[in-house]
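S.K.: First, the structure itself, so that you have it in front of you.
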Amino acid sequence: MTRVDFYILDGDSGDLLQRFACRLVDKAWQKGLRCFINAADASQAAGLDDLMWTFRDVSFIPHAAAGSGASDRLVVVIGSGEEPPDERDLLINLGDEVPPYFSRFERVAEIIDGDARRRDTGRERFRYYRDRGYPLESHKVR
């Protein structure tokens, strides 16, 4: 059964969500996990694509946009609304809704920042998973 982790960030400044998503992807990549990031929209997906090249001074995370020719070969794929191209280990959801394909993943990471609207939609997703019996963990990130 899919395990769902909620990461509650302290603050809502600028690109906090995207930077934390990059940190999660970096950890997962180093463990050999294949990741799919479900961005809230195409603009956020493009921002994540750029950030993955620069968020660390000494390295970048090999990644591709969903639908690109390289997306089936790389361990990290970024999409916004489409389903992952193949089997992946970790779904990082930055969208407002639970993606219909989430149960295909071993783990789901939901990242919530201090924005009031995103907190509310995060609570709705938490209830969705809880009401269906999925194992949940919450982590406060400072």
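S.K.: For the stretch 20-56, give me the residue count where each residue is surrounded by fewer than 16 Cβ atoms within 10 Å (Cβ to Cβ) and within 19 Å of K140 (Cα to Cα).
M.R.: Total meeting the criteria: 2.
S.K.: Does S103 satisfy being in a helix (DSSP H, G or I), among the hydroxyl-bearing types (S, T, Y) and without any contact (Cβ under 8 Å) to a residue 24 or more places away in the chain?
M.R.: no
S.K.: Moving on to the next point. Look through D115, D131, D96 and report the one residue that is acidic (D, E), over 25 Å from L33 (Cα atoms) and free of Cβ contacts under 8 Å to residues at least 60 places away in the same chain.
M.R.: Among D115, D131, D96, only D131 is acidic (D, E), over 25 Å from L33 (Cα atoms) and free of Cβ contacts under 8 Å to residues at least 60 places away in the same chain.
Throughout, read-outs are computed from the coordinates displayed, never taken from laboratory work. All of these numbers come straight from a predicted model, not from anything done at the bench. Cβ: placed from backbone, ideal geometry, glycine included. Neighbour counts: every protein chain shown.
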